[in-house]
1. Within 13 Å of ligand 2 (Cβ to nearest atom), more than 30 Å from residue 164 (Cα to Cα), free of Cβ contacts under 8 Å to residues at least 60 places away in the same chain and crowded, with 16+ Cβ neighbours inside 10 Å: is that true of residue 123 in this structure?
2. Answer with yes or no whether residue 250 is over 22 Å from residue 336 (Cβ atoms) and modelled with pLDDT under 95.
3. Any chance the stretch 107-126 includes a residue that's within 13 Å of ligand 1 (Cβ to nearest atom), modelled with pLDDT under 95 and within 29 Å of residue 9 (Cβ to Cβ)?
4. Every residue in the stretch 131-168 that is over 13 Å from residue 22 (Cα atoms), within 16 Å of ligand 2 (Cβ to nearest atom) and in contact with a helix residue (DSSP H, G or I) (Cβ under 9 Å, 6 or more places away or on another chain), please.
5. Which numbered condition in (1) more than 22 Å from the chain's Cα centre (by Cα); (2) at pLDDT 90 or above is the only one that residue 336 fails?
6. Kindly evaluate residue 6 against the criterion of being surrounded by fewer than 21 Cβ atoms within 10 Å (Cβ to Cβ), at pLDDT below 95 and more than 14 Å from ligand 2 (Cβ to nearest atom).
7. Do you know which residues across the stretch 142-174 are closer than 13 Å to residue 128 by Cβ and out of contact with any strand residue (DSSP E or B) (no Cβ under 6 Å at 6 or more places or on another chain)?
8. Consider residue 68 carefully, then state whether it is within 13 Å of ligand 1 (Cβ to nearest atom) and outside the structural domain of residue 304 (by TED's automatic domain parsing).
Ligand code: ADP
Ligand code: MG
């Protein structure tokens with residue numbers, strides 16, 4: 001019998017791996033916006049056509065890339081954000097896996113234009129099926145523009161799995177909301193089929209809480225303006241800041257609830273439970289208040305590497321985080337309690 005094991009060609013291996021990172025246009029929104037944030041941009045534009053199925057472009061005014069880096073960035077495991085395994089536990093950037101651009105380049109046609117402020121000219125690169133098909137110098141503003149065209153053009157089965165434009169657009173707006181909420185000092189716009197849907201003005205870095213409030217209201221609706229209470233508590237172990245809805249914001253559907261850990265949007269039934277617990281007796285047990293909460297703690301105390309999309313994380317000490325969140329919310333809501341039973345110490 002002949003041997004039968006073969007190595008998959010790179011482009012097939014890349015397409016398979018891409019499935020972990022890029023499921024739909026909204027996944028690319030998250031990755032490209034996060035790259036722009038990591039590049040230190042102060043202004044970021046997201047432009048989509050046909051809910052990102054035909055075109056999904058992010059333009060930033062961040063650091064840009066050198067000519068060599070512009071080619072390198074499409075390689076799998078190519079990253080400027082960590083150097084060794086130890087860095088992984090101290091990482092402060094959104095990205096670090098070096099997989100997003102490689103994945104996007106495996107399942108779409110990509111056009112990159114990038115220029116560093118210190119360079120005279122920029123670089124234009126076109127990639128399809130993980131292969132660079134064109135490269136030339138280009139006159140372009142400082143920063144980076146990445147256009148992803150015809151997502152899944154080479155993986156028809158995946159393309160068929162995409163939902164209607166309306167449904168994919170909802171996913172895009174959700175991701176846009178999660179990233180932009182965490183960076184109120186950055187200007188963002190969202191344009192769909194030539195129409196500007198969102199224009200988020202940057203808040204000042206010094207008045208961070210006011211900037212966050214403005215961003216929340218821009219994203220979730222003006223009706224929250226007078227219906228949120230500020231949350232802020234600090235210990236040596238961790239900080240929390242943000243806003244939580246007055247009891248009257250509670251709805252029957254779980255809608256506007258956002259948790260960020262070190263600026264990363266996360267899903268955590270456990271932390272959600274901590275908040276709900278703090279609302280006990282203030283709202284009916286089958287309803288959900290709005291909240292936008294940012295927890296900051298030493299990166300060594302969280303493992304964000306449990307899933308490629310980094311939405312699930314592990315805390316070193318879950319119980320402390322739970323107690324802290326619950327106490328902070330109770331503290332903020334104290335003014336609404338009739339008989340406060342508060343317990344501030346941790
Ligand atoms: P990661 O973000 O995990 O490092 P990516 O595949 O998203 O991996 O990006 C690879 C690298 O390309 C990044 O580490 C960064 O150096 C560079 N890069 C990507 N997007 C941008 C951008 N918008 N501006 C500047 N550099 C970028
Ligand atoms: Mg990235």
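The values are calculated or read from the model by the stated rules, or taken from the named source; none is laboratory data. Computed from a predicted model, the values in this text were never measured in an experiment. FYI the Cβ positions are ideal-geometry reconstructions off the backbone, even for glycines, and counts take in every protein chain you see.
1. no
2. no
3. No.
4. Of everything in the stretch 131-168, those that are over 13 Å from residue 22 (Cα atoms), within 16 Å of ligand 2 (Cβ to nearest atom) and in contact with a helix residue (DSSP H, G or I) (Cβ under 9 Å, 6 or more places away or on another chain) turn out to be 143, 144, 146.
5. Just one mismatch for residue 336, condition (2).
6. Answer is yes for this residue.
7. Listed by number, the residues that qualify are 151, 152, 153, 154, 155.
8. Spelling it out, residue 68 is indeed within 13 Å of ligand 1 (Cβ to nearest atom) and outside the structural domain of residue 304 (by TED's automatic domain parsing).
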